[in-house]
Every structure is written in structure tokens, then in C-alpha cells.
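Asks: Input: one structure, supplied below.
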Amino acid sequence: MTAQSTTVDPSEIARFSAIADEWWDPNGKFKPLHRFNPTRLEYIRDRVATHFGRDPRSAQPLAGLRLLDIGCGGGLLSEPMARLGASVVGADAAERNVKTAAVHADRAGLAIDYRHTTAEALAAAGEQFDVVLNMEVVEHVADIGLFMNACAAMVKPGGLMLVATLNRTPKAFALAIVGAEYVLGWLPRGTHTWSKFVKPGELDSALTAGGLSRVEFQGVSFDPLADRWRLTGDLGVNYMALATRPA
Amino acid sequence: MQLDKEGGARNIACMTQPAPTPEAPTPAPTPIQTADLVIAGGGMVGLTLAVACARAGLSVIVVDAEARATQLDEAFDGRASAVALAACRMLKSLGIWPDLEGEAQPILDIRVSDGRAGRRPSSLFLHFDHGAIGDEPFGHLIENRVLRRALDRSAARLAGLVQINPATVLRVEAGPDRTLAHLSDGRVLAAQLVVAADGRNSRLRTAAGIATRGWSYGQTGIVATVTHERPHQGLAHELFLPGGPFASLPLTGNRSSLVWTERHALAEALMQLPKSAFDDEIRRRFGDHLGHVESTGPRWSWPLALHLADRYVAPRLVLVGDAAHGIHPIAGQGLNLGLRDVAALAEVLVDGHRLGLEAGDAGLLERYQRWRRLDNVMLGVVTDGLNRLFSNDLAPVRLARDLGLAAVERIGPLKRFFMRHASGTVGTLPRLLEGRPL
């Protein structure tokens, strides 16, 4: 696999390489995301493969699928998706993230189309995807309704959207903000604003408004004893949603 | 091949040029071959890992210091290994078993007793019958060269598995996106991960700055094969003698493999004895219950030591088998621990591969280390304690351990616990050790 051309200026490669190393250091700043990654990757792979009638254990279960990773950050999801065969567009509103991700994918020999843009701009340009990944983004955007509409509009008929976010519950306040940011120091203080967390009912309304139908909600909890994230029935803190656009 | 070597050598020469300015770093040598995994050491552990990973779609290059033909020769390694039930299940699951089935001797009974050379074993002893925990044997005795040959056949059938020998991985150079393995023949391989399966004195472990802890036992292990008149009925017998344990392990036919531990000085003398005198020493310990006994083929000896690596992982490097741990052979668990490492590492890497994670992903390696390190340290400590308890001729200690053996013999649950440990079916098992596919 050869990397295709990116938006990166060679003079900036050194600078963004350093940032990429930071993003990809499993014990660095983004450690919580690295810990969480296998659990959400497995969920995405299994649901997408099942929906499109693929074997999740095959070498490239996502082969031939066009996939958008909205809010791609350093590419922690985009790269595994590309290895599993998807044709990936990674989009991020922060230019620094896009350049960082592009440098890393280039070094890893992966062809990923990273773009410094927004969901709204992509939707306005008429982009269409088999799968839209909307992971840990909605709790950061200014207007959920607008953002979700733009994301939903890019899901092809018969396509899928996966959303991951945090629930606006007292428990989420205790664990995700007090616990993760203040007590454990897993995340920088101010990473999350509790009032922007999204209740499942609100997410459901936004999906419906965008013409999608929700298939399921799935809770995700951290198991401190096993030091691993697990899928659970508890939607009280971290949860994911799976939705389709009827064909 | 010749061209490859020259190309590699030229690239190495480039590396030794004075470092230019930081703006234009030295170009890395162009790797001659690329793979997901480079395994340094193609012994039983390294090659089993290679087969497991290659079957699941990872590309693997195995580098070994010995030419393949040398390794398969009886004179290279005439030893046999007790492969526990769980590890046998893995060999079956990996398709390796059919190539060795006819030459694997099932262990049907285990007998543990206390004694002195030239006398009958103490009447207080432990007897384990495999029927008490299920209908499968505790494990199989497999001659190392038989296992190596079967592994080699499996390896040859896998398109994604390449063997390079004779050559050594001299050093590795881990970068953020890949690691380069520099070989003794000048070649350079690029991989996502290098596995150090390069044995007890692992060069790659030392180079990575990973320390080991442990001590020498002041004992030597002697291995020899004997033939006897009457069949052994699949009985493995471990006799605790003052110099150390003396184990006879059933091989196919009327043969047994002896694993015999003695103080260094005595062992050295034993190794020098002519065959007839050596056989007399064997008979004093082995007894006459199987009729006439005599040694056949060469003898091997090696100093016994405990060593446990502080860490099993470094950036894009992971330790397995003897590179990570070496324990006393008292419980016949050395290779089994290595094969348990293989089962855990293969599962972690293959599961990660199927999630689109690359083999060098530090999160995956950390999971392997957490999974295996405690188990290996525990067994290291247990075997150390057993050796101290049994390599001892003080009367009160002898009495206590005889009573202990007799007590275990009478307490059903305790006995079953020991038997499950002997067959390696305790703990959170990797799928391969349960006989399930990856």
C-alpha cells in the first residue's frame, strides 16, 4: 500500500512528527484513548461487518467501504479502519490534528485521505459514505442539531452511523469529570464540559431528525480490576449508538 | 542471495558514516525484507509462535543461528520435553500435532516419591492417575527433534512464514513506526515487532537493558535416554534424592528419558564415566522394576539456574520463553511456560491484527506482559521452593516431606489441584491452550 498525497508541507513534517509521537504514545497524553481504543474498534468492526454481511475475522472485513472518521484527531481510529480495508476520509476542524495524522499515516504506509474541514462543509459538498464514525465528538460541538444533521446527510441509504459520547448524568459528572480529570488525571482539566454531555433521548431525536433510525444503544464501562474497558448494559456514563439510513 | 548480502552490507556501511546535521538525518538502511514480525530464535518456542501467527495471516520471518538440518539432527538436541495437556491442545489446534502424533508418548500416571540412591523409595508416596481429572493424559513426552521436525513441516506449509538460517539478529533499532533487525550476514529486516526468542542468554534482552533476577542452584541437570526390558505403562516417576530430583519420563517404546539433578562436582564426574559405570549409577537410582536398564545415545548436561526478566517488553520488542524466564526443571514446566507465552502472545497479536492494530502496538504488548509475567514468576518461585525442600537430606525435613506427600495423597481436592497444575489447565487460559482456534 502506498500513501497518497497529503496536505502536508515537508517543512512541517518534523514539527508534526513530534506531535504524532505524542498522540501515538500509549502511555502519554492520550493514554485513556489508547486504553479505550480496542474496545471501540471491536464494536465498530463487529457491527459494520455484520451489517454489510462480512466475516469480522477475515483479513479485511471493511474492504470496499467508504468511511468517514469525523473528528479524527491523530488518526487513532482512521489507521486501524484503513488496515481493515476501508477507504478512509479523516476530517478534523483542527489543522494541527489533520497534519499530525497525515504525517503518521504516511510513515506507516497507509493511504488515508485526511482533510482539514468540518462535517457541515463535507455535507455541503455532497460527500457520501457507507459508514460515518462520530466518536467522542458530539459532546464538544457548539450545536448538536446542526452537526448531527450534517453527519446524517452523509450516510448513504443502507449505510451506518456510529456515535460515541458521554451521558449527562450525575454519575458521568462524578466519573468522567471529577474522576478522570481531577482525581486520576487521565485527561487534562477542562477536556469535558458536563452541560454539553448528551442524553440518549436527545441523541435519538437528533438521529431521527437526520433521517436515521437507531438500531441500539451500547454502554461502555471501565473495569478497574481488569484495567480494561468493557461493553455493558449501563448507559450512565460512556455509551455508543448505532443507526442506519433505511435503504 | 549473494546480491542480498552485498546490498545489506553496503547499507550497514552507510550507517557508520559520521552523523550529518539534524536537518538531514542519516537515511535508514533499505530493508531487504519486510514482515509484521521478526522472531529472533527458531527454537521450539519461537517456531510455534511463528506458526500460530502466520496461520492467522501475519507475515513472519524467523531467524535462527543454526542451519535447519543441524537442528533436526539427534546429536544437536537429544532431549525430550514433557508437553502438558494444555500445550498439546495448542499443538492440535495449530495443526502441528498430526506430524508428531505417532512419536508422542502419553503420560498416564505420575508418581512422586522420596528416596536415597541404592535403596527402595519411601513407602509414603504420591500417585496421580490421569483418570481422576478426565480421560485425557496429563501430557505427552515428545523428543525435541520430533517436535522441531513437526514445527518445521508446519512452517514450510505457510506462505506467510519465512525462515532465515544460519544467521543471528545482532541488534534491533526501534523507531516510532517500525523496527529494523540487523542480521549477522549483513541483511536488514524491517518489522513492526521483534520477538526475542533467543534463549536464556538473550542478546536482545541484554541490549534492551532488561535486567534479570535469579540465582544459580549449584546443581547440574543431566539428561540421558535409557532402554528397559519391561514397558513403563506411561508412568512418569519423580524420585527425590538428596542431590536433587531424579525423574524418569516415558518415551515411546521401552524407553525413558532421565532428567537427573546433581551437585555440580558429582555431575561432572558422572558425565566423565564410561558407559558401564554410568549405567551402574543409573541402576542404583532407577531400580529394577522395569528389568534390565541401560543408557543409549549421548548424555547432555547444563548448569541449573533461576532467572526471571524484570520486564517482558520494550519499544517494539517482546520476550518469550527462556529469554524471559528460566526455572528449575523439577516440575518439567520449562517448555510449557514458553508455550504458554506463545499462546498468550499469539492471541494478543492476532486479536489486535483483526482490529487493525499493528503488531508493535504498545497497548497489546502491555496486555501480554500483564497476562504472562505473574504466572511465570509464580512457577519460578514454586519450583525453587520445591527444589529447596527436596534437595535435602536432613532427617526432620525428610520426615516432614514424606508426611506431606502422604497427606496430599489422601486429600482428594488438594491432589486434583496439583494434577490440574501438572496438566497446565489452571488460570485464565489463552484460547489456544483450551484447544480453540485463534
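The values are calculated or read from the model by the stated rules, or taken from the named source; none is laboratory data. Please read all numbers here as calculations on a predicted model, not as lab measurements. Every residue, glycine as well, gets a Cβ built from its backbone with ideal geometry; the counts of neighbours run over all protein chains shown. Note: areas computed on protein heavy atoms with side chains; ligands, DNA, RNA excluded. Shrake-Rupley method; radii C 1.70, N 1.55, O 1.52, S 1.80 Å.
Asks: Measuring from label point to label point, each 7 Å out along Cα→Cβ, what is the B:Trp300 to B:Leu374 span in nm?
Replies: Computed distance between label sites B:Trp300 and B:Leu374 equals 3.3 nm.
Asks: Follow-up question, since we're still on this one. Which peptide among B:355-365, A:31-41 comes first, and what is the full order, when sorted by highest mean count of other Cβ atoms within 10 Å? Walk me through the numbers on the way to the answer.
Replies: Values: B:355-365: 22.5, A:31-41: 19.2.
Order by mean packing, descending: B:355-365, A:31-41.
Asks: So if each residue of separation counts as 0.36 nm, and I subtract the Cα-Cα distance between B:Asn165 and B:Ser216, what length gain in nm does that give? Intermediate values should be presented prior to the final figure.
Replies: On the way: separation 51, 0.36 × 51 = 18.36 nm, distance 3.16 nm.
Length gained between B:Asn165 and B:Ser216: 15.2 nm.
Asks: Using a 7 Å offset from the Cα along the Cα-to-Cβ direction at both B:Thr227 and A:Arg189, what is the distance between the two label points in nm, to one decimal?
Replies: Each label point lies 7 Å from its Cα, and together they span 8.1 nm.
Asks: I've got another one for you. How well do other chains shield peptide A:192-203, expressed as the mean number of their Cβ atoms within 10 Å of each residue Cβ?
Replies: Working: counts 0, 0, 0, 0, 0, 0, 0, 0, 0, 0, 0, 0.
Average per residue, whole number: 0.
Asks: Treat each spin label as a single point 7 Å out from the Cα along the C-beta direction, and report the A:Ala174 to B:Ala207 distance in nm.
Replies: That separation, rounded to one decimal, is 5.2 nm.
Asks: Then there's this: Work out, step by step, the length gained on full extension between A:Ala111 and A:Ala124: first 0.36 nm times the residue separation, then minus their alpha carbon distance; give nm to one decimal.
Replies: Details: separation 13, 0.36 × 13 = 4.68 nm, distance 2.43 nm.
Result: 2.2 nm gained on full extension.
Asks: Can you give the % of DSSP beta bridges in chain A that are antiparallel, to the nearest 5?
Replies: The antiparallel proportion sits near 50 percent.
Asks: Starting from the residue with the highest accessible area, list A:Phe197, A:Phe222 in decreasing order, probe 1.4 Å. Working shown, then result.
Replies: On the way: A:Phe197 0, A:Phe222 55 Å².
Ranked list, largest accessible area first: A:Phe222, A:Phe197.
Asks: As a test of reading the structure, rank B:Thr212, A:Thr117, A:Thr208 by solvent-accessible area (1.4 Å probe, protein chains only), most first.
Replies: Working: B:Thr212 60, A:Thr117 35, A:Thr208 90 Å².
From most accessible down to least: A:Thr208, B:Thr212, A:Thr117.
Asks: Another one. Would you please put B:75-88, A:64-77 in order of how densely packed they are, using the mean number of other Cβ atoms within 10 angstrom per residue and starting with the highest? Mind showing how you got there, number by number?
Replies: Details: B:75-88: 22.3, A:64-77: 24.0.
Listed from highest to lowest mean packing, they are A:64-77, B:75-88.
Asks: Residues of A:52-59, mean number of Cβ from any other protein chain within 10 Å of their own Cβ, rounded to a whole number?
Replies: On the way: counts 0, 0, 0, 0, 2, 7, 2, 4.
Shielding by partners across A:52-59 averages 2.
Asks: Take peptide B:356-362, look around each residue's Cβ out to 10 angstrom, count Cβ atoms belonging to other protein chains, and average those counts. Present the calculation step by step, with values, prior to reporting the outcome.
Replies: Details: counts 18, 9, 5, 0, 0, 6, 5.
Across B:356-362, the average partner-chain Cβ count within 10 Å equals 6.
Asks: A follow-up question, please. Please check the stretch A:93-113 for residues whose accessible area, probe 1.4 Å, is lower by 30 Å² or more when all protein chains are in place than in their chain alone.
Replies: With the partner chains in place, the stretch A:93-113 has these residues losing at least 30 Å²: A:Arg107.
Asks: Hey, another quick one. Place a +1 charge on the Cβ of each Lys and Arg in the stretch B:47-114 and a -1 charge on the Cβ of each Asp and Glu, then give the dipole magnitude about the Cα centre in debye, rounded to the nearest 20.
Replies: Details: 6 positive and 10 negative charges, 80 e Å.
Dipole magnitude for the stretch B:47-114 comes out near 380 debye.
Asks: Once B and A are treated as a pair rather than alone, how much accessible area drops out, both sides summed, in Å² to 100, probe 1.4 Å?
Replies: Numbers: alone 18760 and 11060 Å², together 28440 Å².
That pair hides around 1400 Å² of surface in total.
Asks: Would you kindly derive the ³J(HN,Hα) couplings of the stretch A:85-90 from the backbone phi angles with the Karplus curve 6.51 cos²θ - 1.76 cosθ + 1.60 (θ = phi - 60°), listing them in order in whole Hz, with x for Gly and Pro?
Replies: x, 5, 9, 9, 10, x
Asks: Additional query: What's the FRET efficiency of B:Glu101 with A:Asp227 using the Cβ-Cβ distance as r and R₀ = 45 Å, to the nearest 0.05? Please report the intermediate quantities before stating the final value.
Replies: Numbers: r = 40 Å, r/R0 = 0.89.
Using R0 = 45 Å, I get an efficiency of 0.65.
Asks: Test of understanding: extend the Cα→C-beta vector of A:Ala247 to 7 Å, then name every residue of the stretch A:44-79 with backbone N under 13 Å from that spot.
Replies: Counting only backbone N, you get A:51-54.
Asks: Further question: Which of the three applies to chain A, rounded, prolate or oblate, going by the alpha-carbon gyration tensor with a ≥ b ≥ c and a/c under 1.5 meaning rounded? Write out the running numbers ahead of the final one.
Replies: Numbers: a/c = 1.39, a/b = 1.09, b/c = 1.28.
In terms of gyration-tensor shape, rounded.
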